[in-house]
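Coordinate-derived values only; no laboratory data. Keep in mind that what you see is a predicted model, and the values were worked out from it rather than measured. As a convention, Cβ positions derive from the backbone with ideal geometry for all residues, glycine included, and neighbour counts pool all protein chains shown.
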Amino acid sequence: MPNVKRIGVLTGGGDSPGINAALRAIVRRAAAAGLEVVGFRDGWKGVIEDDVVPLGLADVSGILPVGGTILGTSRTNPFIKEGKEWKPTPKVDRILETVKTRKVDALIPIGGDDTLGVAHRLASHGVRAVGIPQTIDNDVAGTDYCLGFHSALAVVTDALDKLHTTAHAHHRVLIVEVMGRDSGWIALVGGIAGGADVILVPEEPFSVHDVGKAIEHRLESGRRFSIIVVAEGARPVELGGKPVAQEGRVDQFGHPQLGGVGYWLAGELEKKGLPLTPRVTVLAYLQRGGVATPFDRMLATRFGAAAVEFVLAGKHDVMTGLRGHDVVAVPLAEVLAQSPKPVAREFLALARNIGVR
Ligand code: F6P
C-alpha cells in the first residue's frame, strides 16, 4: 500500500500472555519503516469511542514477557445478529469516523475469531485490517498456533504436575476443569502433556458411565488415583450433549458463559458410589495469566512484524498465520468459514492410543 503513514492497533476478547510482545514487535517494526502507531483502548470499544493512545518505542519498552495487554480489552461488538446475519449498528459509523479523523491507514486487531470477525465485516465498509490470531483457545482456523495457547498450556501442565502428587497421596480422583470455550485444544494438549488419565473435550460427547469404568479399570490394575481433565465446553450425554453453562449469561457475540462441568461430574461420580473420592480444581483465569513462554514471545514477534509488513505490502482483510515454519497472510473470509477450529483428530487418536480415556 503506497504511503502508509499510521497504523492503529487494538486488542480484543480474552487476554493472554504474548499480546504485549506482539504490540512491542508492531511498534518496533513500524518504527523501522518510519510509520507511526496509535493504540485504541479496550478492543473495538476504543475505536468506537476514539479512545486512543500514542504507542512509541518508550511505551513498549519492557513489556515483552508481561501478560495481559497494556491497551486493555473488551468483548465489544459493533454488529448485532439478526437471524443468521451480523448487521451494522451506529457504532460502525463511529469506527469509520475515528479511522478517518485519526488518519489511520490500516488497523492491526489482535484477538480471536470474534475480534477478527469484526475486522472482516468492517472490510466491506472500507476499513483495512491485518489481524493477529490470539486466544488461549487456539480455535482460530488458518494458523497452526494462536498466540497465547502455548502459555496457557504451561499453566495447565504445571497444575497437573502439582495435582498428581496429592491425588497419589490421598488415592483420589482429581477433576481439573480447563478453559477453551467450544474447543478442546487446551484440555487435550494440556492433558497429554500433563499425563492425565481421562481427557474430556467438547468435540466428543462423554458419558459418566464411561468415565467411571475408566477409573475402575485403573483401580483393578492397582492405580489408586486418577487425573481427569475436562474442558469447560465438554458435553455429557446425560445432559443431552449440552455443555454446563451459567444461566442467562451471554456475551455480545452470543457466547454463553461456560463453567461448572467439573463439579457436575464430581457429583455424578459420587452418586455412582465410586470407591475413590472425587475432588475438583477449576483453573479458570490462571490460564490467561502469567508470563509469555519463549514460544509465544517468538510467535508474537513474528506475527507483529509480519502484520506491519503485510500492511506495507497492501494486504488487508487477512491475518497472520503460522503454517509450519512460515508466517503467511490468510484471508479472513477463509479463517471465519472454518472457525472455531476443532481439536486435531490425530491428537485425539494419540490420546486414545496411549490408553487415555
Ligand atoms: O476465549 C478465551 C476464554 O478464556 C475462553 O476460554 C473462556 O470460555 C472465555 O474466554 C471466558 O470469557 P470471559 O473472560 O469474558 O469470562
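Quick notes on this structure:
- Residues with amide H under 5 Å from that of residue 39, placed H, sequence gap 5 or more: 9, 53, 55
- Selected from 319, 298, 179 as most flexible by GNM, with the chain as the system and alpha-carbon contacts under 10 Å: 298
- Distant-in-sequence amide H partners of residue 281 (H built 1.01 Å from N, under 5 Å): 175, 176, 177
- Normalised contact order of the chain, rounded percent, pairs of Cα under 8 Å and 6 or more residues apart: 23
- The Cβ shell under 10 Å around residue 91 holds other residues with a net charge of 0, Lys and Arg each +1, Asp and Glu each -1.
- Separation of segment 242-302 and segment 130-193, taken as the distance between their Cα centroids, equals 9 angstrom.
- When the pairs 45/341; 45/81; 45/242 are compared against a 21 Å limit on Cα-Cα distance, 45/341; 45/242 fall above it.
- For segment 150-289, share of DSSP beta bridges that run antiparallel, in % to the nearest 5: 10
- Packing, taken as the mean count of other beta carbons within 10 Å per residue, orders the peptides 206-216, 220-230 from highest to lowest as 220-230, 206-216.
- Shape of segment 150-289, Cα gyration tensor, a/c cut at 1.5: oblate
- Dipole magnitude of the chain, debye to nearest 20 (Cβ charges: Lys/Arg +1, Asp/Glu -1, about Cα centre): 300
- Across the chain, Cα-Cα pairs more than 24 Å apart make up 56 percent of the total.
- Distant-in-sequence amide H partners of residue 107 (H built 1.01 Å from N, under 5 Å): 8, 128, 129, 130
- From phi via Karplus (6.51, -1.76, 1.60), per-residue ³J(HN,Hα) for segment 35-41 in Hz, x at Gly/Pro: 9, 9, 10, 10, x, 9, 6
- Cα gyration tensor category, rounded, prolate or oblate, for segment 1-105 with a/c compared to 1.5: oblate
- Cβ-based net charge around residue 56, under 13 Å, with every Lys or Arg adding one and every Asp or Glu removing one: +1
- Seen from residue 238, the other residues with C-beta closer than 15 Å to its C-beta sum to a net charge of +1, counting Lys and Arg as +1 and Asp and Glu as -1.
- Residue among 202, 56, 68 farthest towards the positive dipole end of the chain, charges placed on Cβ: 56
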